[in-house]
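The values are calculated or read from the model by the stated rules, or taken from the named source; none is laboratory data. Predicted model only: the values in this text are computed from it and were never measured. Quick reminder, even Gly has a Cβ in these numbers, built from the backbone with ideal geometry, and neighbours come from all protein chains shown.
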């Protein structure tokens, strides 16, 4: 049962505290450009909400049979706040318990949550882009409108971009800090031998 | 030391990840490099533009005249809307122009322009325009740039597929946008299929003076008639209409009229219809519609109520009308300069069908039908098809043509113009428009002999193209050079109202015959004062008629007394000037209508009802000379029943002879 | 009667548009017009007949009433423009007709016309009077000045 170095304990607290920003900042963004929307359309995913030009995007998308984007579409919003809360609490606990296995578990949890979020987002995007209203005014044969998971994609006249927003970046920073701390810990161990 | 390195590594990783993601973000619309565009649109001071651009004004009910390539606005020409700037629709002479069976309608939604043609080519005589709202068509003179005639269209639910004209301007067409129950019948809206009918009016144009009269109407199946074009060359004698809502929906058309994969292009053999009418097969129906004409000798309009129309029900004459299936909700229905190809633009479709007139004729000869709609034969799609333009863009609306066999189609959704070859259907080029183009115009584009050189985009969305002016913006137009293989953006220019269709015509066809003045000798206005000797004031009961003259820089008479409260004063102002560009204006304090502008040699009347006693000034509104500010006068209003004698003068000083 | 009148109209001498530019206008005027008192324009010489031609007087008065009377009285009183009394005694008939039919060039280049502009401060408008009509007006002026 290896104890943690003092710096590692500080880094873990930092990593956990950074995640608190997730309650106050947007986590993910979807940007869309079209010739007639030179200023772009912007949609932000928060920990329990969707903000930005959601209404405009929904109004445009209904022509091709896509559903209106609403908060109720995302059951995740019900429990996201608890998952993040648990992560933060676990981080603080790990620092307190001061054991290396706690650090490893904390880091693994962060990575697992991130992967789960991406898979969840992909599944929603697939459903949103493929499950179209058959009575839509515009039906382009063979065309589906799944938004990109990460990066850019051309959807009819729109160029869509999907990626982390400021809160997401801070989460990534938390994750990197946690991973870095693990690396730091294990390197120290080998050096001692 | 180690610790710090590790932290730096972490930071570097974080920044690196962020940089990779940021570079994935696409750029906004790039600035368009234009090279020598400035010199191509520069018209030096004092020089003339090459083309007149006659542009519909949409909901302002007007036509605007621009110069191409400069994009400069020369004139706003009121057609269906009152125009306080000139007094159109306010002066006693012009009020009858806006009379309808619904009374005085001071507004309309002017969508489309048709310039008169002879043998399919521009002849520079008249501009025709439609009123989409209260169904009307108008004729504007290319000599005076004034509205000379407005004809109301009966049995119409909104005149959208109009005022397209035949090759030699024999007919102008007026197709109803909305089908309605005829004869103002009171029926449930849900009885659409049973009771609602379409109506296509063929308006005969007098080849000499341009006067319009409804020759006959076709009664057609109940759905929406969108746009149309006449055949030309080999297809002369035919007319083509795009139809949508063949689902016959009467609610939430956005969804319910977009269900079928194919709607129709309606091909009309109007020569055949003409024959039936000549044989007396038309049925006379009682209707009411106004027919208003302006006479530039009396400088006055008259409005006549007509009460009959001849109708042919196409279900009783199976060889007048044929349907051709066309991809979802066709909008534009454009005939190429040779008259052989008809382009249907399904605004919700992912490809554009081009039909062949020869194939349509063969299909009719061979009865190559896939069925019928309300007894009207539906030609097999493949039998009429020349070919499909594959993946042209999103939301194709309208197509114009150049003189080299190319077509230019506006794409509303993908906001671009797509150039393609009419014969090979191959896409040659595409350029973005800013933003969401509606109609487009190539000079001579709809004629048998396009002038080419430019294409102008009339966009529906302006956004950031000009300095912001609050929530309401002017509309944006773009001029592109099409003389080379690639289309090149040359110029952005703002437009007034909301332009729909427009046409452009070489200036050289118009300028030589442009009216400069009205000859005072030929003025036949009832109240004209042709010379100051005829200036006078007359009382007719409680009407005061002032025969007034205007010349730089005085009005005669300029002192009027003896008018009593309760009188109505008619200022009949004759402009005695006989020189180009010397209009005078007339305005009086408290006028509840407008001012009037009077062109040289013309007489116009402003009616004014004084509401209080006192002395009221009137003056010339159009800065005419160094002494314009002096061009004014007074009218004295005495109490009702007073015995102030009626008198008038100019230059007379009391107490002097 | 009409055939007795000869108006020399040299189309080739039609003036350039004033804004056409090029050359010194004053110099051109001197070169073109042998007799500066006849003014500038198409009218080079006018034949006057005695007695007056009554038909012309009638037509001339009608044009005067319609196009001229707003600014010119028949007395010597100046209103917007000078009164017409004795104008035919002060001016050559050619000058009068050029002033009527070629007013813009006259006001720009003829010294006598420019003096009148300074006096009246109002450019005489071009009233689109034809050469024949101008001749009729001239006859009416002669009558107004007491000729028989």
Checklist line | the range A:28-66, residues that are within 14 Å of chain B (Cβ to nearest Cβ) and closer than 16 Å to residue A:81 by Cβ | finding: A:28
Check: Pick from the range A:173-187 the residues that are without any contact (Cβ under 8 Å) to a residue 60 or more places away in the chain and facing chain B (nearest Cβ under 9 Å): which of them is surrounded by the most Cβ atoms within 10 Å (Cβ to Cβ)?
Finding: A:176
Note to self: Being under 30 Å from residue A:133 (Cβ atoms) and in contact with a helix residue (DSSP H, G or I) (Cβ under 7 Å, 6 or more places away or on another chain) narrows it down to one residue among A:62, A:68; which is it?
What the structure shows: A:68
Next item on the list: Give the residues of the range A:152-172 that are touching a strand residue (DSSP E or B) at 6+ places or on another chain (Cβ under 7 Å) and facing chain B (nearest Cβ under 8 Å), sorted by residue number.
Entry: A:152, A:157, A:159, A:161, A:163, A:164, A:172
Margin query: Can you confirm whether residue B:516 is within 14 Å of another protein chain (Cβ to nearest Cβ), surrounded by fewer than 23 Cβ atoms within 10 Å (Cβ to Cβ) and outside any strand (DSSP E or B)?
Written below: yes
Margin query: Being away from every other protein chain (no Cβ under 11 Å), surrounded by 18 or more Cβ atoms within 10 Å (Cβ to Cβ) and not in a strand (DSSP E or B) narrows it down to one residue among B:529, B:587, B:594; which is it?
Written below: B:594
Margin query: Restricting to the range B:325-336, name every residue that is in a loop (DSSP other than H, G, I, E, B) and surrounded by 24 or more Cβ atoms within 10 Å (Cβ to Cβ).
Written below: B:329, B:336
Notebook entry, point to check: Taking interchain pairs and intrachain pairs at least six residues apart, which have beta carbon atoms under 8 angstrom, with the first residue in the range A:1-24 and under 25 Å from residue A:77 (Cα atoms) and the second assigned to a loop (DSSP other than H, G, I, E, B)?
Noted result: A:22/A:47; A:23/A:47
Note to self: Just to check your reading of the model, which residue among A:141, A:137 is buried (at least 18 other Cβ atoms within 10 Å of the Cβ) and either more than 20 Å from residue A:11 (Cβ to Cβ) or without any contact (Cβ under 8 Å) to a residue 60 or more places away in the chain (or both)?
What the structure shows: A:137
Next item on the list: Determine which single condition residue B:247 fails, assuming it passes every other condition in (1) more than 15 Å from residue B:324 (Cα to Cα); (2) more than 19 Å from the chain's Cα centre (by Cα); (3) assigned to a strand (DSSP E or B).
Entry: (3)
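State whether the residues of the range B:186-193 include one that is part of a helix (DSSP H, G or I), without any contact (Cβ under 8 Å) to a residue 24 or more places away in the chain and either away from every other protein chain (no Cβ under 14 Å) or within 22 Å of the chain's Cα centre (by Cα) (or both). Walk me through how you get there before you give the answer.
Looking only at the range B:186-193, we keep the residues that are part of a helix (DSSP H, G or I), and these are B:189-193.
Next, from what is left, pick out any that are without any contact (Cβ under 8 Å) to a residue 24 or more places away in the chain: B:191.
Of the ones still in play, those that are also either away from every other protein chain (no Cβ under 14 Å) or within 22 Å of the chain's Cα centre (by Cα) (or both) are B:191.
Yes, there is a match, as at least one residue in the range B:186-193 is part of a helix (DSSP H, G or I), without any contact (Cβ under 8 Å) to a residue 24 or more places away in the chain and either away from every other protein chain (no Cβ under 14 Å) or within 22 Å of the chain's Cα centre (by Cα) (or both).
With B:300, B:329, B:315 as the choices, which residue is closer than 30 Å to residue B:95 by Cα and assigned by TED's automatic domain parsing to the domain that holds residue B:352? Full working, then the answer.
Details: B:329 fails: closer than 30 Å to residue B:95 by Cα; B:315 fails: closer than 30 Å to residue B:95 by Cα.
None of the others qualify; the one that does is B:300.
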Check: If you go through the range B:34-43 one residue at a time, do you hit one that is surrounded by fewer than 20 Cβ atoms within 10 Å (Cβ to Cβ) and under 14 Å from the mean Cα position of the chain (by Cα)?
Finding: no
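On the basis of being assigned by TED's automatic domain parsing to the domain that holds residue B:219, farther than 28 Å from residue B:50 by Cβ, touching a helix residue (DSSP H, G or I) at 6+ places or on another chain (Cβ under 7 Å) and surrounded by fewer than 21 Cβ atoms within 10 Å (Cβ to Cβ), does residue B:367 make the cut? First the steps, then the outcome.
Values: assigned by TED's automatic domain parsing to the domain that holds residue B:219: yes; farther than 28 Å from residue B:50 by Cβ: yes; touching a helix residue (DSSP H, G or I) at 6+ places or on another chain (Cβ under 7 Å): no; surrounded by fewer than 21 Cβ atoms within 10 Å (Cβ to Cβ): yes.
Criteria not met by residue B:367.
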Item checked: For residue B:624: the one exception among (1) more than 13 Å from chain C (Cβ to nearest Cβ); (2) in contact with a strand residue (DSSP E or B) (Cβ under 7 Å, 6 or more places away or on another chain); (3) in a loop (DSSP other than H, G, I, E, B); (4) within 22 Å of residue B:576 (Cβ to Cβ) -> (1)
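Pull up the range C:45-101, narrow it to residues that are touching a strand residue (DSSP E or B) at 6+ places or on another chain (Cβ under 6 Å) and in contact (Cβ under 8 Å) with a residue 40 or more places away in the chain, then point me to the one that is farthest from residue C:131 (Cα to Cα).
Step one: of the range C:45-101, the residues touching a strand residue (DSSP E or B) at 6+ places or on another chain (Cβ under 6 Å) are C:45, C:70, C:81, C:84, C:93-94, C:97-98.
Subset that is in contact (Cβ under 8 Å) with a residue 40 or more places away in the chain: C:45, C:81, C:84, C:93-94, C:97-98.
Working: C:45: 12, C:81: 21, C:84: 19, C:93: 12, C:94: 11, C:97: 8, C:98: 9 Å.
Out of the qualifying residues, it is C:81.
Output yes when any residue across the range B:623-639 is within 24 Å of residue B:301 (Cβ to Cβ), surrounded by fewer than 21 Cβ atoms within 10 Å (Cβ to Cβ) and either within 31 Å of the chain's Cα centre (by Cα) or not assigned by TED's automatic domain parsing to the domain that holds residue B:541 (or both), and no when none is.
Taking the range B:623-639 first, the residues within 24 Å of residue B:301 (Cβ to Cβ) are none.
Within the range B:623-639, none of the residues are within 24 Å of residue B:301 (Cβ to Cβ), surrounded by fewer than 21 Cβ atoms within 10 Å (Cβ to Cβ) and either within 31 Å of the chain's Cα centre (by Cα) or not assigned by TED's automatic domain parsing to the domain that holds residue B:541 (or both).
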Next item on the list: Grab the strands (runs of 3 or more DSSP E) fully contained in the range B:534-582, keeping just those with 1 or more residues being over 20 Å from residue B:628 (Cβ atoms), within 14 Å of chain C (Cβ to nearest Cβ) and at pLDDT 95 or above.
Entry: B:536-540, B:543-551
Next item on the list: Might you check whether a residue that is within 12 Å of another protein chain (Cβ to nearest Cβ), in a helix (DSSP H, G or I), surrounded by fewer than 23 Cβ atoms within 10 Å (Cβ to Cβ) and touching a helix residue (DSSP H, G or I) at 6+ places or on another chain (Cβ under 9 Å) occurs anywhere in the range C:77-95?
Entry: no
